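Enquirer: My structure is below; once you've seen it, I'll send some questions.
The values are calculated or read from the model by the stated rules, or taken from the named source; none is laboratory data. Please read all numbers here as calculations on a predicted model, not as lab measurements. Positions of Cβ are generated from backbone atoms using ideal geometry, with glycine treated the same way; all protein chains shown enter the neighbour counts. Ligands, DNA and RNA are stripped out before the accessible areas are found, and what is left, the full protein with its side chains, is counted by its heavy atoms. Shrake-Rupley method; radii C 1.70, N 1.55, O 1.52, S 1.80 Å.
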Amino acid sequence: MLVVMQSHATDEQVRAVCERIAQLGLRAHPIPGAGRTAVGITGNSGAIDTGSLESMPGVAECIPVSKPYKLVSRDVKEENSLVRVPAPAGDVIFGGKDVGIVAGPCAVETREQALTIAERVRAAGARLFRGGAYKPRTSPYSFQGLAEEGLKILAEVRDRFGMGIVTEAVDNESLDLVEKYADVIQIGARNMQNFSLLKRAGRARKPVLLKRGMSATLDEFLMAAEYIVSEGNYNVILCERGVRTFTDHTRNTLDLSVIPAVQRLSHLPIVVDPSHGTGRRNKVLPLSRAAVAAGADGILVEVHHDPDRALSDGPQSILPEEFNVLVTEVRAIAAVLGRTVN
Ligand code: PEP
Ligand code: MN
């Protein structure tokens with residue numbers, strides 16, 4: 001259910017509506033829009049008696065929301081959500097005119113490795129650095145990440161190069177630490193339906209980058225985002241990273257058609273990860289170009305200066321010089337669409 005306020009409704013009237021919703025034992029989510037504020041209601045198991053809300057001062061109308069996801073739906077908020085990620089080198093805003101670039105190694109391996117790559121990707125223009133301190137690996141014997149030590153290295157990257165930090169939390173415990181050090185909390189594909197982790201991310205004070213599960217439908221993807229938003233964190237960036245199909249020429253099949261599909265149904269920004277989406281270095285550049293051409297709000301790409309010796313995802317990591325080319329080409333494609341690369 002959505003309570004749409006009149007365009008001239010006062011803050012006081014919005015507050016009164018939220019209080020009435022709380023008195024009904026439900027949760028109110030005020031959503032300011034360009035022309036008017038709407039108040040989303042969650043927590044109801046059946047229909048809500050809207051009579052008492054509809055007659056309140058400042059209320060224009062009450063609209064039932066038929067989708068299973070509510071707060072992430074365009075029915076509730078027509079205009080795109082802008083998710084601002086602070087970075088000393090310049091904030092990056094996802095969901096608007098900017099195409100955000102997030103680059104770095106799959107995993108933080110050593111201080112030298114992270115600083116070397118950060119220097120190169122920053123020089124190419126990236127303002128956001130990604131690198132895992134906690135790695136969800138298929139094998140328990142594979143490198144699991146440096147944990148807090150890795151987060152400290154990421155903090156040094158921010159200090160030295162002015163880059164915002166994007167890094168993954170794999171469970172509630174690591175999320176506590178990631179929230180402390182990072183600028184964006186990444187939730188990985190394997191955790192897209194880890195509902196307790198999603199709820200914890202929803203209570204975090206940092207933006208969340210939510211990766212699509214490797215076999216998730218669009219509805220499941222948006223429901224996962226709804227978990228985060230319903231806890232009060234509206235700063236969610238969706239990330240397409242490929243789904244599993246029968247193909248064997250790539251690690252996953254990058255589903256670029258999900259970009260316009262998401263944009264039709266949801267106001268949240270969507271970025272694309274062509275590294276996990278293809279698993280092959282030589283396919284990262286063409287798929288990055290295609291993602292931006294299809295309307296992605298950003299690109300998340302793995303870069304390594306010595307990929308043959310990388311502790312994880314070397315085969316899909318591009319070299320810094322390839323990353324330079326990527327930024328140049330993506331910038332040219334973005335310009336055709338009236339967008340700018342940051
Ligand atoms: C990653 O970003 O390094 C990662 C593990 O990605 P995903 O969750 O998409 O597999
Ligand atoms: Mn990886």
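Enquirer: Check off (1) hydroxyl-bearing (Ser, Thr, Tyr); (2) under 16 Å from LEU268 (Cα atoms); (3) touching a helix residue (DSSP H, G or I) at 6+ places or on another chain (Cβ under 7 Å) for SER81 and give me the number that stays unchecked.
Expert: Exception for SER81: condition (3).
Enquirer: Continuing with the same structure: Just one of SER215, SER230 is hydroxyl-bearing (Ser, Thr, Tyr), closer than 25 Å to ASP176 by Cα and touching a strand residue (DSSP E or B) at 6+ places or on another chain (Cβ under 7 Å); which is it?
Expert: Within the list SER215, SER230, the selection yields SER230.
Enquirer: Got a number for residues in the stretch 169-185 being open to solvent by 10 Å² or more (accessible area, probe 1.4 Å) and touching a strand residue (DSSP E or B) at 6+ places or on another chain (Cβ under 8 Å)? Full working, then the answer.
Expert: As a first pass, look at the stretch 169-185 and keep what is open to solvent by 10 Å² or more (accessible area, probe 1.4 Å): 170-173, 176-177, 179-181, 183.
Still in the list and also touching a strand residue (DSSP E or B) at 6+ places or on another chain (Cβ under 8 Å): 179, 181, 183.
Number satisfying all stated conditions: 3.
Enquirer: Provide a single number: the residues in the stretch 310-342 that are open to solvent by 60 Å² or more (accessible area, probe 1.4 Å) and within 15 Å of ligand 2 (Cβ to nearest atom).
Expert: The number of residues fulfilling the criteria is 2.
Enquirer: Filter the stretch 110-140 down to the residues that are in contact with a strand residue (DSSP E or B) (Cβ under 8 Å, 6 or more places away or on another chain), open to solvent by 10 Å² or more (accessible area, probe 1.4 Å) and within 14 Å of ligand 2 (Cβ to nearest atom) and list them by number.
Expert: Filtering the stretch 110-140 for residues in contact with a strand residue (DSSP E or B) (Cβ under 8 Å, 6 or more places away or on another chain) gives 114, 117-118, 120-122, 124-136.
Now narrow it down to the ones that are open to solvent by 10 Å² or more (accessible area, probe 1.4 Å): 120, 122, 124-125, 127, 134-136.
Answer for the stretch 110-140, where residues must be in contact with a strand residue (DSSP E or B) (Cβ under 8 Å, 6 or more places away or on another chain), open to solvent by 10 Å² or more (accessible area, probe 1.4 Å) and within 14 Å of ligand 2 (Cβ to nearest atom): TYR134, LYS135, PRO136.
Enquirer: Any residue at all in the stretch 247-254 that is in contact (Cβ under 8 Å) with a residue 12 or more places away in the chain, in a helix (DSSP H, G or I), open to solvent by 40 Å² or more (accessible area, probe 1.4 Å) and in the same structural domain as HIS276 (by TED's automatic domain parsing)?
Expert: Within the stretch 247-254, not a single residue is in contact (Cβ under 8 Å) with a residue 12 or more places away in the chain, in a helix (DSSP H, G or I), open to solvent by 40 Å² or more (accessible area, probe 1.4 Å) and in the same structural domain as HIS276 (by TED's automatic domain parsing).
Enquirer: Does ALA296 satisfy the criteria of being outside any loop (DSSP other than H, G, I, E, B) and touching a residue at least 24 places away in the same chain (Cβ under 8 Å)? Break it down into steps so the answer makes sense when it comes.
Expert: Values: outside any loop (DSSP other than H, G, I, E, B): no; touching a residue at least 24 places away in the same chain (Cβ under 8 Å): yes.
When the stated conditions are applied, ALA296 does not pass them.
Enquirer: Would a scan of the stretch 91-100 turn up a residue that is more than 23 Å from GLU179 (Cβ to Cβ), more than 15 Å from ligand 1 (Cβ to nearest atom), open to solvent by less than 20 Å² (accessible area, probe 1.4 Å) and within 21 Å of the chain's Cα centre (by Cα)? Please lay out each step first, then the result.
Expert: Looking only at the stretch 91-100, we keep the residues that are more than 23 Å from GLU179 (Cβ to Cβ), and these are 96-99.
Within this subset, residues satisfying the condition of being more than 15 Å from ligand 1 (Cβ to nearest atom) are 96-99.
With open to solvent by less than 20 Å² (accessible area, probe 1.4 Å) added as a condition, the list becomes 99.
Now drop any that are not within 21 Å of the chain's Cα centre (by Cα), which leaves 99.
Yes - at least one qualifying residue is present in the stretch 91-100.
Enquirer: Quick check, is ILE63 farther than 17 Å from ILE259 by Cβ and hydrophobic (A, V, I, L, M, F, W, C)? So that I can check it myself, show each step before the final result.
Expert: Working: farther than 17 Å from ILE259 by Cβ: yes; hydrophobic (A, V, I, L, M, F, W, C): yes.
Spelling it out, ILE63 is indeed farther than 17 Å from ILE259 by Cβ and hydrophobic (A, V, I, L, M, F, W, C).
Enquirer: Within the set of pairs 6+ apart or on separate chains, which have a first residue in the stretch 1-23 that is open to solvent by 30 Å² or more (accessible area, probe 1.4 Å), a second that is assigned to a helix (DSSP H, G or I), and C-beta atoms under 8 Å apart?
Expert: Matching pairs, first to second residue: ARG20/SER52; ARG20/LEU53.
Enquirer: Determine the pairs where a residue that is closer than 15 Å to LEU115 by Cβ and aromatic (Phe, Trp, Tyr), located within the stretch 155-169, has a partner that is open to solvent by less than 10 Å² (accessible area, probe 1.4 Å) and not in a loop (DSSP other than H, G, I, E, B) with Cβ atoms under 6 Å apart, the partner being 6 or more residues away or on another chain.
Expert: Listed by first residue and then by second, the contacts come to PHE161/ALA118.
Enquirer: Search the stretch 260-277 for residues that are within 16 Å of LYS97 (Cβ to Cβ) and pair each with any residue that is open to solvent by less than 20 Å² (accessible area, probe 1.4 Å) and within 11 Å of ligand 1 (Cβ to nearest atom) when their beta-carbon atoms are under 8 Å apart and the residues are at least 6 apart or on different chains.
Expert: ILE270/CYS239; ILE270/GLU240; VAL271/VAL102; VAL271/LEU209; VAL271/CYS239; VAL271/GLU240; VAL271/LEU300
Enquirer: Moving to a separate point now. Let me confirm something: among ARG244, ARG203, ARG190, which residue is surrounded by fewer than 21 Cβ atoms within 10 Å (Cβ to Cβ) and either of a type in the set (Gly, Ala, Ser) or away from ligand 1 (no atom under 13 Å from the Cβ) (or both)? If you could, list the steps in order and put the result at the bottom.
Expert: Numbers: ARG244 fails: either of a type in the set (Gly, Ala, Ser) or away from ligand 1 (no atom under 13 Å from the Cβ) (or both); ARG190 fails: either of a type in the set (Gly, Ala, Ser) or away from ligand 1 (no atom under 13 Å from the Cβ) (or both).
Result of the check over ARG244, ARG203, ARG190: ARG203.
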